1. If TYR323, TYR227 are ordered by their accessible area, calculated over protein heavy atoms with a 1.4 Å probe, which sequence runs from highest to lowest?
2. Rounded, prolate or oblate: which fits segment 248-357, taking a ≥ b ≥ c as square roots of the Cα gyration tensor eigenvalues, rounded meaning a/c under 1.5, else prolate when a/b beats b/c?
3. Quick check for you: with a 1.4 Å probe and neighbouring chains kept, what is the accessible area per residue of segment 208-267, in Å²?
4. Hey, can you grab everything whose amide H is under 5 Å from the amide H of SER563? Only 5+ residues off in sequence or another chain; H modelled, so Pro and N-termini drop out.
5. Quick one: which of LYS258/LYS296; LYS500/LYS557; LYS300/LYS385; LYS272/LYS300; LYS272/LYS296 span more than 22 angstrom between C-alpha atoms?
6. Counting only residues 5 or more places away or on other chains, whose amide H sits under 5 Å from the amide H of VAL368 once H atoms are built in the peptide plane?
7. Would you please give the residues with an amide H less than 5 Å from that of GLY584, counting only those at least 5 places away or on a separate chain, with H modeled from the backbone geometry?
8. Over segment 282-404, give the accessible area per residue in Å² for a 1.4 Å probe, as an integer.
Amino acid sequence: MHETEARDHVLVCLSSAPSNERLVACAAEMARASGGTLTALYVQTPETPLAKEQNRAQLENNIHLAEDAGARVETVFGEDIADQIAEFVRLNRVTRIVIGGGAPHGFHAVISRKQSVTDRLAALIPERDIYIIPERKNQTTAYPRARKLSLKTPGLQDILICIATMSAATLIGLLFRSLGFAVSTIISVYLLGVLMTAVLVQNYMSGAFVSLLSVITFNFFFTEPQYSLLAYEQDYPVTFVVMFLVSIVACYLAEKLKSTARQFSRTSFRTKVLFDTSQMLYQAETREQIFETTAKQLVKLLERDVLVFPAAENGAPEGGLLYPSDGAPAAAPESEAADAAEWVLQNGRGAGSGTALFSFCGYALFPVGIRDTVYGVVGVAAQGKALDAFDSSLIISILGECALTLENEKIGREKAEAAARIRNEQFRSNLLRSISHDLRTPLTAISGNASNLLSDDPAFDGNTRQKLYQDIYDDSIWLTNLVENLLSLSRIEEGGVRIKTEVELLDDIIDEALRHIDRHGAEHTILAEPSGELLLVRADARLIVQVIINLVNNAVKYTPPGSSIRIKTEKKDGKAFVSVADDGPGIPAEEQERVFDMFYSGAKRSPDSRRGVGMGLALCRSIVLAHDGNIILRDNESHGAVFTFSLPLSEVKLHE
């Protein structure tokens, strides 16, 4: 029982009847009592565009009442109202339907045999609960009646089309008579002319006029006596009447078909715009792009000016943007719309033109939000023409897509920020875990050696003291390099270092780096093998020096004394390449993919048993990538490892 009540879905059928206010109130109370949801449905028919201004205004008022009652307003299109309601009920799992109705009375009760909307609805969905609220006396029916035909006087263009079509039909008929064709064939030519005229003219009176003209013309030219309006044959009057009625029916059907085709074309265009909007919003990445896409699609759909007021973090509207229907976007001028937009942001309800609030501002303002969050306000210019129910429904649908996209963008941004915070936390925890031991070891050695020196033990001779001094110096240099690498890497990863590139000679950078190699490098053979030509690169020399130092020191640390380390340069494919190769034990294949990861130092220890923190190669990669280069690792041909990185070449223009 509780599960059924929780899923209760109440549908109220909207119309232009004043009594529809009672329906909305009853449906809202029903939804509140059961804790269910409320939907207001309006079925637009081909007759809707021809409704009186008073009825359209009443319909808009009923729609606003439904929105104020918390209903989700939906609009569908079709000729059969009961069928459209039944289909909507089935697709949206509606449990209860509130609809207005009244029994035919007087003459209509006698001659009307067509089922009412409520009777057909009960037959189509007998399993649903239908609540019929009778209309009050002397109130208009809740649903559109059959369309009244346009009785406007035909224009000059329509009259000329009628005359031209009947003239062509008469000439063809005279030709057929001269060829001996039967009268029935000539009648079909006139019927064809009537149908063609009905398609070409603008109103039904033109079709009625051409129907009458076709009968008169046929009688004048093709019945005995010819060239008169008399008829000798007794069955001709019946023929004329039937011909006139067939023409009238053909004109009516053609007019109705044209109206349906126009409505279908309009609906197809709007459906395409909605589909394109969904696709474009899916591709939009930023908040600004989402609002811009929504505004431009509304302009395309409605051909009206559109105002956009994004919501700031404090809930107030930011500076509005105006998207005119015939120009480029610009800052919105100061107007009453800004005050109305602030009210809409705070209350999450529509306002502006067509409503009781801020109706003077000239824009119909809609909130762009989902659940309790409002991301902005979109205003559609009235421009002397009120939005109909179908337009309002489309706007709400598009803004719903916009709000959902903004929600996803916000969630994605929050996830990215959370991921960044997690990465920072992992960075700090990995840093502390990685350097806690490696900092303690040299610091212990420094403090221990310093303590021994301070004790001034007479057992320490000159060589021993020199060894202690050298150990303190080496450990302090190691700590200095560690801190420098750590600071440089963190600044580059956070974008805090600006790469100041200049044209530099690559051989000079290498020479400068070799002057700062670890003192243990003296135990190795380090050779620089230039390419034989001057290589000019565009780089930040200070950072590239650090890359070469780290690569050479890394080779020194993990190769035994006496190993060879070669630094080669070459020019290839418009880039300069620097390779640092050693002939040590090399790096296992399973570790090569991870050597550039931060805090990864592999399972191997350096000869002095000091474990690396794993930042040197990560720093090298960050610096090289910041120079639009690349760094790779491969095995040396015999044994060992080769680190190669690239830099962009540059040329110096000589001005003679």
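The values are calculated or read from the model by the stated rules, or taken from the named source; none is laboratory data. What you are looking at is a predicted structure, and each value in this text was computed from that prediction instead of being measured. Heads up: the accessible areas ignore ligands, DNA and RNA and are worked out on the full protein's heavy atoms, side chains in. Shrake-Rupley method; radii C 1.70, N 1.55, O 1.52, S 1.80 Å.
1. Working: TYR323 20, TYR227 130 Å².
Ranked list, largest accessible area first: TYR227, TYR323.
2. prolate
3. Roughly 58 Å² per residue, with all protein chains present.
4. The answer is THR525.
5. Details: LYS258/LYS296 30 Å; LYS500/LYS557 30 Å; LYS300/LYS385 17 Å; LYS272/LYS300 11 Å; LYS272/LYS296 14 Å.
Exceeds cut-off: LYS258/LYS296; LYS500/LYS557.
6. TYR375, GLY376, VAL377, VAL378
7. When sequence neighbours closer than 5 places are left aside, the close amide H contacts are ALA641.
8. Value returned for segment 282-404: 48 Å² of accessible area per residue.
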